[in-house]
Amino acid sequence: MTPQPGAQSAASRRDHIEDQLGAHNYHPLDVVLARGSGVWVYDVDGRKYLDCLAAYSAVNQGHCHPRILAAMTEQAQKLTLTSRAFRHDQMAGFYEDLARLTGAHKILPMNSGAEAVETAIKAVRKWGYEVRGVPEGEAEIIVCANNFHGRTLGIVGFSTDPDAFGHYGPFAPGFKVVPFGDFDAFNDAISDRTVAFLVEPIQGEAGVVMPPPGYFSRVRQRCTERGITLILDEIQTGLGRTGKLLAEEHEGIEADVTLIGKALSGGFYPVSAVLSNADVLGVFQPGQHGSTFGGNPLACAIARAALRVLTEEGMIENAAAVGAHFLERLRALPGPVREVRGRGLMLAVELEPDAGGARLWCERLQARGLLVKDTHGHTLRLSPPLIVTRDEVDWACDQLAAVLSAA
Ligand SMILES: *Cc1c(COP(=O)(O)O)cnc(C)c1O
């Protein structure tokens, strides 16, 4: 029987529109969210889920945090965008707060994380030519295999993931790829033309891959000896995710350039920033880099509130304490678990390769009210907002144990 046009459900109409009109560059779980509060999100039918992705760590402060929302609405009624052609009254406070918190000496605000990465690449190349005296056009940047730094053409050109770079070339030259965590490979890749090493403190998208102990302190030392700018991409690891403000603190090092984004706005708005310890950002003169929206008054007000909430409400300490408990519970999971790893609330459960693929497990967990994202085929990534409680973590682990023990 042919269905009557009017009998088509709202859900199937919506799916149809999304498939017809939307580019298929994502394969979302089949849940349609309408509302969020703290660690919880609600679908269009009012079903409740614990969000164990937190928008890839952009919502570290929890969904729709009231203090950030208040700062946003207040600023939105006053002034949203001036462009950088004029000064505005929110900028200085934003710089001051970030500098006080991170020790940065120079700051350049952008919007998306990828833009912060692109900005850092431009800055270190220019610094290489103008300060280090590298011959024009020959600067080299070392990066790691299985990196994730964003989706722009400049960035995907040095990705090693065929999905990320395939058929998008030709790409910009000047990048050398070495294995993550292998100090000797990094050391061997250094030349007189090496201006920077761009690396994630923990490789997030690669499946929460941890550096071996001591790796970063050796890298830091060699960078200093050879005049190489160490750029840490803390867009995902930063702002409390690993139980410290910045993941570099676990390694006892300081980057020359730190990239932050995602949780810098608590998920309200794209805000990113390049933080510079050395003179790298000093190379930019007026007109040599910019962004219409970067550093706008609304972004600055939101970011200041997002940082205040993060530090004043004990979220970083909570990430450390609840994260340690979460890791312990994950290590006790039954079923086809190959490895559990992570730090703070940046955690991953790698399943056995014959367990049917992580996506299947995400769907089973969804049915139990837990939203988890698969990454790289067999890994479940767990990164709830940093306000998650011990009880909520216990509940999440009970759901994981229930589906995995039924395997
Ligand atoms: C998400 C992410 C980026 C890119 O950020 P966008 O805002 O999506 O451009 C860059 N680096 C890391 C480590 C990330 O996790």
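The values are calculated or read from the model by the stated rules, or taken from the named source; none is laboratory data. Bear in mind the structure is a predicted one, so any value in this text is a computation, not a measurement. Heads up, the Cβs are rebuilt from the backbone with ideal geometry, glycines too, and the neighbour counts pull from every protein chain shown. Ligands, DNA and RNA are stripped out before the accessible areas are found, and what is left, the full protein with its side chains, is counted by its heavy atoms. Shrake-Rupley method; radii C 1.70, N 1.55, O 1.52, S 1.80 Å.
What the table below lists for this structure:
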{"item": "Residues that are under 14 Å from LEU50 (Cα atoms) and in a loop (DSSP other than H, G, I, E, B), drawn from segment 374-403", "result": "SER383, PRO384, PRO385, LEU386, ILE387, VAL388, THR389"}
{"item": "Close pairs (8 angstrom Cβ cut-off, 6 or more residues apart or separate chains): among the acidic types (Asp, Glu) in segment 388-399, in a helix (DSSP H, G or I) anywhere", "result": "ASP394/ARG329"}
{"item": "Filtered residue count, segment 165-180, keeping only those that are open to solvent by 20 Å² or more (accessible area, probe 1.4 Å) and over 18 Å from VAL134 (Cα atoms)", "result": "10"}
{"item": "Filter result (in a helix (DSSP H, G or I) and either more than 18 Å from GLN75 (Cβ to Cβ) or within 16 Å of the ligand (Cβ to nearest atom) (or both)) within segment 295-309", "result": "ALA299, ILE302, ALA303, ALA306"}
{"item": "Of all residues in segment 193-221 being over 21 Å from the mean Cα position of the chain (by Cα) and assigned to a loop (DSSP other than H, G, I, E, B), the one that is surrounded by the fewest Cβ atoms within 10 Å (Cβ to Cβ)", "result": "PRO213"}
{"item": "Pair list, Cβ < 6 Å and 6+ apart or interchain, from segment 159-184 residues that are in the same structural domain as SER217 (by the TED database) and modelled with pLDDT of 95 or more to residues that are in a helix (DSSP H, G or I) and open to solvent by 60 Å² or more (accessible area, probe 1.4 Å)", "result": "SER159/PHE165; PHE183/ARG218"}
{"item": "Some residue of segment 96-103 being buried (at least 21 other Cβ atoms within 10 Å of the Cβ), within 16 Å of LEU264 (Cα to Cα) and of a type in the set (Asp, Glu)", "result": "no"}
{"item": "Those residues of segment 213-247 which are without any contact (Cβ under 8 Å) to a residue 40 or more places away in the chain and within 12 Å of the ligand (Cβ to nearest atom), in sequence order", "result": "LEU232, GLU234, GLY238"}
{"item": "Residue match in segment 333-350 (condition: part of a helix (DSSP H, G or I) and either open to solvent by 20 Å² or more (accessible area, probe 1.4 Å) or not polar (S, T, N, Q) (or both))", "result": "no"}
{"item": "Filter pass, ALA396 being touching a strand residue (DSSP E or B) at 6+ places or on another chain (Cβ under 7 Å) and among the small types (Gly, Ala, Ser)", "result": "yes"}
{"item": "Members of segment 99-122 that are away from the ligand (no atom under 16 Å from the Cβ) and among the aliphatic types (A, V, I, L, M)", "result": "ALA99, LEU101, ALA104, ILE107"}
{"item": "Selection from segment 140-156 of residues that are open to solvent by less than 50 Å² (accessible area, probe 1.4 Å), more than 9 Å from the ligand (Cβ to nearest atom) and not β-branched (Val, Ile, Thr)", "result": "GLU140, CYS144, ALA145, GLY154"}
{"item": "Among (1) within 13 Å of the ligand (Cβ to nearest atom); (2) part of a loop (DSSP other than H, G, I, E, B); (3) small (Gly, Ala, Ser), the one test that GLY137 misses", "result": "(1)"}
{"item": "Filtered residues of segment 111-158 (kept if free of Cβ contacts under 8 Å to residues at least 24 places away in the same chain and at positive phi)", "result": "GLY133, GLY137"}
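Residue by residue, here is whether (1) modelled with pLDDT under 95; (2) within 16 Å of the ligand (Cβ to nearest atom); (3) open to solvent by less than 70 Å² (accessible area, probe 1.4 Å) holds:
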site: SER12; (1), (2), (3): yes, no, yes
site: GLU18; (1), (2), (3): yes, no, no
site: TYR26; (1), (2), (3): yes, yes, no
site: LEU33; (1), (2), (3): no, no, no
site: TRP40; (1), (2), (3): no, no, yes
site: ASP45; (1), (2), (3): no, no, no
site: LEU50; (1), (2), (3): no, no, yes
site: TYR56; (1), (2), (3): no, yes, yes
site: VAL59; (1), (2), (3): no, yes, yes
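Residue by residue, here is whether (1) open to solvent by 40 Å² or more (accessible area, probe 1.4 Å); (2) under 20 Å from ARG222 (Cβ atoms); (3) within 16 Å of the ligand (Cβ to nearest atom); (4) free of Cβ contacts under 8 Å to residues at least 12 places away in the same chain holds:
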position: ILE253; (1), (2), (3), (4): no, yes, no, no
position: ASN277; (1), (2), (3), (4): yes, yes, no, no
position: VAL283; (1), (2), (3), (4): no, no, no, no
position: HIS289; (1), (2), (3), (4): yes, no, no, no
position: PHE293; (1), (2), (3), (4): yes, no, yes, no
